[in-house]
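The values are calculated or read from the model by the stated rules, or taken from the named source; none is laboratory data. Since we're looking at a predicted model, the values are computed, not measured. No Cβ is skipped: glycine too gets one built from the backbone with ideal geometry, and neighbour counts run over all protein chains shown. Just so you know, the surface numbers come from the protein's heavy atoms only, side chains and all, with ligands and any DNA or RNA stripped out. Shrake-Rupley method; radii C 1.70, N 1.55, O 1.52, S 1.80 Å.
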Amino acid sequence: LHYLEGKNIVIDWRSADGKLERLPALAAEMVRLKLDVIVTSGASATRAVKEATNTIPIVMTNDPDPVGDGIIASLARPGGNITGLSTLAPELNGKRLEVLREVVPKLSRVAILRVSTNLAGGQVRELELAAKAFGVKLQYLDVLDSKNIESTFRAVSKGRADGVLVLASGIISAQRAQIADLAVKNRLPVIYHEPRYVEAGGLMSYGVSLLDLDRRAATYVDKILKGAKPADLPVEQPTKFEFIINLKAARQIGLTIPPNVLVRADKVIR
């Protein structure tokens, strides 16, 4: 879009490194910088900046459920100072459960790894509806700290789960390599929402292309810098999806991926 960093645009980067408690301070710091626009990644970051300012325009790159989270009024008319892109997490979690069931035909119990403070009601409703349709029982496990990943997997084994579904969260994402290792150690099939987990050794992921959303978010920044108001820019939904399978991880847990599932993968790691 013809922006060159250091020439006609300056970008200040901040990261909480998966430590959600740092977000309010980072948001306050960004507000003090009097920026023209703030770009956020994930619901926790968006919520922290929303609480810090109602005047500086905010572009969210990948909020799972911005209406359900109370971040915006509606997709068509976001209102306030926030706009950007949604990842449709509620609907896609049902699809992930369906894929997990195809890979594990005798699936009857699924553990859901989540951060409850991140989770909007829409995600729970979609999961419950899908679970009821497939005859699957759900076990919700809270990961409120990176230190309790191992104890969470002990709870998964104790609950005799046949598989695991991991929901989007900065805390959980920061521990993706450890989660992949524990999944292998416990011989558990796990489905994730983004490829980084699979690249770290996880079994499979199904979700939107976050890279595509990041690129599209830049068009919002461009429009706002040229005078558009966030309240007038509808929140867009994803158009590009990715299904990735790690056959190495499948072999490690003794799982055979059915050919009809394998053929649908956009990428296969061998």
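Side notes on the structure shown:
- Using a Förster distance of 22 Å, the FRET efficiency for residue 155-residue 248 (Cβ separation, nearest 0.05): 0.25
- Cα-based reach from residue 7 at 28 Å (exclusive), listing lysines while leaving out same-chain residues under 8 positions away: 34, 223, 226, 229
- Our summary gives the stretch 43-196 a relative contact order of 22 percent, counting only alpha carbon pairs under 8 angstrom and 6 or more residues apart.
- Stretched out straight at 0.36 nm per residue, the stretch from residue 237 to residue 266 would grow longer than its current Cα-Cα span by 8.4 nm.
- Here the chain is treated with +1 on each Lys and Arg Cβ and -1 on each Asp and Glu Cβ, and its dipole about the Cα centre works out to around 720 debye.
- Carbon plus sulfur fraction of accessible area for the stretch 1-126, probe 1.4 Å, in percent: 52
- Shape category assigned to the stretch 13-63 from the gyration tensor of Cα positions, a/c cut at 1.5: oblate
- Globularity index of the stretch 37-109 is 1.40 (Cα radius of gyration / 2.2 N^0.38 Å, N = number of residues).
- The chain, helix-only ellipticity at 222 nm - DSSP H runs n ≥ 4, -39,500 (n - 2.57), divided by all residues, nearest 500: -11000 deg cm²/dmol
- Directionally averaged shadow of the stretch 123-242, computed from the convex hull of its alpha-carbon atoms, nm²: 9.3
- A viscosity of 1.306 mPa s and a temperature of 10 °C, combined with the Kirkwood radius over Cα pairs in Stokes-Einstein, give a translational diffusion coefficient for the chain of 82 µm²/s.
- Only lysine pairs 8 or more places apart, or on different chains, with alpha-carbon atoms under 17 angstrom apart are counted in the stretch 63-165, and they number 5.
- Ranked by solvent-accessible area (1.4 Å probe, protein heavy atoms only, all chains present), the residues 96, 32, 264 order from largest to smallest as 32, 264, 96.
- Counting only protein heavy atoms and a 1.4 Å probe, the chain has 50 square angstrom of accessible area per residue.
- The stretch 117-184 shape via C-alpha gyration tensor axes, a/c threshold 1.5: oblate
- Rounded to 0.05, the FRET efficiency of the residue 13 and residue 196 pair, given R0 = 25 Å and the Cβ-Cβ distance, is 0.85.
- Annotation: extensible slack from residue 146 through residue 76 equals 21.6 nm (criterion: 0.36 nm per residue apart, minus Cα-Cα distance).
- Percent accessible area from carbon and sulfur atoms, the stretch 136-270, protein chains only, probe 1.4 Å: 51
- Computed over the chain, relative contact order equals 20 percent, with contacts defined as Cα pairs under 8 Å that lie 6+ residues apart.
- Probe 1.4 Å - accessible area at residue 194, Å² to nearest ten: 10
- Size of the stretch 216-270 as Cα extents on the principal axes (Å, biggest first): 56, 19, 14
- Of the listed residues 243, 134, the order by accessible area with a 1.4 Å probe, largest first, is 134, 243.
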